[in-house]
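Working notes for the structure below.
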Number of protein chains: 2
Amino acid sequence: MVKRTRLDDSDCPVARSVDAIGDWWSLLIVRDAFDGSRRFGDFRRSLGVAKNILAARLRTLVEGGVLESVPASDGGSHREYVLTPMGRDLFPVIVALRQWGEAHFFDPGEPRSEMLDARGRPPRALEVRAVDGGALGPEDVVVRKVGRPEEPSR
Amino acid sequence: MVKRTRLDDSDCPVARSVDAIGDWWSLLIVRDAFDGSRRFGDFRRSLGVAKNILAARLRTLVEGGVLESVPASDGGSHREYVLTPMGRDLFPVIVALRQWGEAHFFDPGEPRSEMLDARGRPPRALEVRAVDGGALGPEDVVVRKVGRPEEPSR
């Protein structure tokens, strides 16, 4: 793995999120958990990664509080992995990534998976909105530190 | 780097998004670009990674169409990196990750960066909604393949 700066003490919430998830493709484990995967073998078949690597990523997600390891739902001796409430809160992240992928990486008519609600329709495109409901784009926001003294103005 | 399954021909839009971004922390390059970083040195100071690694990640993002390499804005000889329209479409992904991090990884009052609109307020929490505006949770949607024959029903 690439050595990188530790991010779990960053003051940026994006960085802490990235750190908690661990590897980029660990988000695909989360995706599979949303789609009903519970057993190690389910994740392995879906992702096609080596057992030891998958085991390590699952462990990171459990330690990070995203997944929980629970007894088998059929009473068997194996463990299963389910999303914690915190893991379920990643739903907008997964949907945002899905919508970005749909918009940019598929030719018209190309086979792809689709997320549908009970009426058979995909969710609305996620939009960043102000408290009063107005649309916000990247130019409409600034990022600044809080909890620290401001630079004195002249 | 961990060997992984190639994802760019996956039929899952989430997987293609993950593949295009490359490394998980490459999303922090995207975050910095949203926050105004343009020069190699800006990204390097912010991220604290080795030059060769940062250069490789920037190259991946340029090749993937997320960033564009442009002449220096001050007329200097260096290149700068700006988000393409496709890269700008990652705004909801960045906001979703920020909000997840804010909700789960900070103690009350702990110093952190904050995203604020022109009126000094953070954006609304992103919500997944149906076309008719109703809230959608993970249980309210299914993911299925399109562009392929359905399993015959009995």
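The values are calculated or read from the model by the stated rules, or taken from the named source; none is laboratory data. This is a predicted model, so every value here is computed, not measured. We place every Cβ from the backbone using ideal geometry, glycine too, and count neighbours over all the protein chains shown. Ligands, DNA and RNA are excluded from the accessible area calculation, which covers all protein heavy atoms including side chains. Shrake-Rupley method; radii C 1.70, N 1.55, O 1.52, S 1.80 Å.
How long is the gain from B:ARG119 to B:SER77 if the chain were fully straight, where each residue apart is worth 0.36 nm and the alpha carbon distance is subtracted? Please report the intermediate quantities before stating the final value.
Values: separation 42, 0.36 × 42 = 15.12 nm, distance 3.80 nm.
So the extension gain works out to 11.3 nm.
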- How are the Cα pair distances of region B:78-136 distributed, in percent, across 10 Å bins from 0? 16, 36, 34, 12, 2
- Value of relative contact order over region B:17-133, rounded to a whole percent, pairs C-alpha under 8 Å and six or more apart: 20 percent
- Item | Per residue accessible area of the protein assembly as shown, 1.4 Å probe, in Å² | 52 Å²
- Message: Give me the dipole magnitude in Debye, nearest 20, for chain A about the Cα centre, with unit charges on the beta carbon: positive for Lys and Arg, negative for Asp and Glu.
- Response: 440 debye
- Query: Of A:ASP42, A:ASP74, which has the most accessible area with a 1.4 Å probe, and how do the rest follow in descending order?
  - Reply: A:ASP74, A:ASP42
- A:THR60 - accessible surface, heavy atoms, 1.4 Å probe, Å² rounded to 10: 50 Å²
- Query: When only the heavy atoms of the protein chains count and the probe is 1.4 Å, how do A:LYS145, A:LYS51 rank by accessible area, highest first?
  - Reply: A:LYS51, A:LYS145
- Query: At a probe size of 1.4 Å, how large is the accessible area of B:ASP140, to the nearest 10 Å²?
  - Reply: 70 Å²
- Query: Which one of B:PHE91, B:ALA33, B:MET115 is farthest out on the positive end of the charge dipole of region B:19-154, using unit charges on Cβ (Lys, Arg +1; Asp, Glu -1) and the Cα centre as origin?
  - Reply: B:ALA33
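Please report the carbon-and-sulfur percent of the accessible area for the protein assembly as shown; probe 1.4 Å, protein heavy atoms only, DNA, RNA and ligands left out. Before the final figure, lay out the partial values.
Details: 7710 of 15900 Å².
That fraction is 48 percent.
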- Charge dipole of the protein assembly as shown about the Cα centre (unit charges at C-beta), most positive-ward option of B:GLY101, B:GLY75, B:ALA125: B:GLY75
- Query: Roughly how much accessible area, to the nearest 100 Å², goes out of reach of solvent when A and B pair up, both sides summed, probe 1.4 Å?
  - Reply: 7800 Å²
- Message: Using the Kirkwood formula on the Cα atoms of region A:1-121, what hydrodynamic radius do you get, in angstrom to one decimal?
- Response: 15.9 Å
- Task: Kindly give Rg over Rh for the protein assembly as shown, based on alpha-carbon atoms, with the Kirkwood expression for the hydrodynamic radius.
- Result: 0.97
- For A:29-41, mean number of other protein chain Cβ atoms within 10 Å: 2
- Item | Given charges at beta-carbon only (K, R positive; D, E negative), |dipole| of the protein assembly as shown in Debye | 800 debye
- Task: Can you sort B:GLU63, B:GLU80, A:GLU110, B:GLU68 by 1.4 Å-probe accessible area, starting with the largest?
- Result: B:GLU63, B:GLU68, A:GLU110, B:GLU80
- Cα centroid of region A:32-60 to Cα centroid of region B:60-114, whole Å: 29 Å
- Which of B:VAL62, B:VAL143, B:VAL14 moves most in a GNM of chain B, Cα contacts under 10 Å? B:VAL143
- Item | Among A:GLY65, B:ASN52, A:PHE43 - extreme Cα towards positive end, dipole of the protein assembly as shown, charges at beta-carbon | B:ASN52
- Message: Nothing charged except the Cβ atoms of Lys and Arg (+1) and of Asp and Glu (-1): what's the magnitude of the dipole of region B:1-81 about its Cα centre? Round to the nearest 20 debye.
- Response: 360 debye
